[in-house]
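Inspection log for the structure reproduced underneath, given as structure tokens.
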Amino acid sequence: MTGMVATVYGRLGKEPRPVETQTGKAMAVASLACDTSHAKNPDSTTWVGLVAFGRNAELLLACDVGHTISATGRVQATRWTHEG
């Protein structure tokens, strides 16, 4: 793998869902709630979006909301801020 790689550990926030790519390949997407709490922010959670292909997609789709999982892969960083 090239670029930034990360390993994350947390609980699934929603049911993983199957998606088909434009070329017809199967994949799965899910959101993972990772505990990033520390002394200054004891209730901090970072949400990480997961995209899996092939056998990894099959394994992800077999998981349910609340399951604890870990994932390792390439990172694509985006930031979302709720204002309001």
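Values computed for the structure shown
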{"quantity": "Amide H contacts under 5 Å for H67, placed H, 5+ residues apart", "calculated": "L12"}
{"quantity": "Average accessible surface area per residue within the chain, 1.4 Å rolling probe, Å²", "calculated": "81"}
{"quantity": "Estimated [θ] at 222 nm from DSSP helical runs (n ≥ 4, -39500 (n - 2.57)) normalised by residues in the chain, nearest 500", "calculated": "-2500 deg cm²/dmol"}
{"quantity": "Spin-label proximity, V48 to the range 15-35 - amide N less than 13 Å from point 7 Å beyond Cα toward beta carbon", "calculated": "30-35"}
{"quantity": "Exposure rank, largest accessible area first [K25, K40; 1.4 Å]", "calculated": "K40, K25"}
{"quantity": "Volume of the Cα convex hull of the chain, divided per residue and given in Å³", "calculated": "140"}
{"quantity": "Whole-angstrom gap from the range 44-84 to the range 1-34, using each part's C-alpha centre", "calculated": "5"}
{"quantity": "Accessible surface of the chain, 1.4 Å probe, proportion on carbon and sulfur as whole %", "calculated": "51"}
{"quantity": "Net lengthening on full extension, K40/V65 (0.36 nm per residue, minus Cα-Cα)", "calculated": "6.2 nm"}
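The values are calculated or read from the model by the stated rules, or taken from the named source; none is laboratory data. The structure presented is a predicted model; accordingly, all values stated were derived computationally and were not measured. Reconstructed Cβ throughout: ideal geometry from the backbone, glycine too, with neighbour counts over all protein chains shown. These accessible areas exclude ligands, DNA and RNA; they are computed on the full protein's heavy atoms, side chains included. Shrake-Rupley method; radii C 1.70, N 1.55, O 1.52, S 1.80 Å.
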